[in-house]
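Student: Take a look at this one; I'll ask things after.
The values are calculated or read from the model by the stated rules, or taken from the named source; none is laboratory data. As the structure is a computational prediction, the values presented were derived from the model and not from experiment. With ideal geometry, Cβ positions are generated from the backbone for all residues, glycine too; neighbour counts draw on all protein chains shown.
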């Protein structure tokens with residue numbers, strides 16, 4: 001189950017990146033900035049907060065790091081959307097380019113989730 005949830009979260013974040021790229025291309029903010037900042041509205045955030053997550057997984061360092069990076073990602077997404085909404089187009093575009101705040105938060109989160117996914121698979125295979 002966690003393996004599938006992590007894979008789904010990676011896909012969801014990649015889709016979010018695509019939507020933000022469209023914002024850059026079209027110059028129209030179609031997302032709620034305050035909602036983007038909330039870590040509990042996306043599927044992965046709901047899963048992180050879910051009582052269905054086994055306690056041993058919740059105590060795992062990869063879980064804690066994913067939650068931390070997930071919160072940073074949502075903060076960066078909200079700041080980029082707010083910049084677009086307030087017509088600070090250059091600042092928003094810089095955030096989305098390689099090395100920018102949003103781009104880096106997204107890259108780090110996805111890289112960690114892939115690492116976590118591989119670690120879970122290795123643990124499963126070792127059993």
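Student: Which one of these does residue 65 not meet: (1) surrounded by fewer than 17 Cβ atoms within 10 Å (Cβ to Cβ); (2) in a loop (DSSP other than H, G, I, E, B)?
Tutor: (2)
Student: Considering only residues that are farther than 29 Å from residue 123 by Cα and under 12 Å from the mean Cα position of the chain (by Cα), look in region 12-60 and name the one that is modelled with the highest pLDDT.
Tutor: Filtering first and then ranking leaves 38.
Student: Yes or no: residue 9 over 20 Å from residue 121 (Cβ atoms), touching a residue at least 24 places away in the same chain (Cβ under 8 Å) and in a helix (DSSP H, G or I)?
Tutor: The answer is no for residue 9.
Student: Which of the residues belonging to region 83-100 are surrounded by 12 or more Cβ atoms within 10 Å (Cβ to Cβ), without any contact (Cβ under 8 Å) to a residue 24 or more places away in the chain and assigned to a helix (DSSP H, G or I)?
Tutor: Answer for region 83-100, where residues must be surrounded by 12 or more Cβ atoms within 10 Å (Cβ to Cβ), without any contact (Cβ under 8 Å) to a residue 24 or more places away in the chain and assigned to a helix (DSSP H, G or I): 83, 91, 94, 95.
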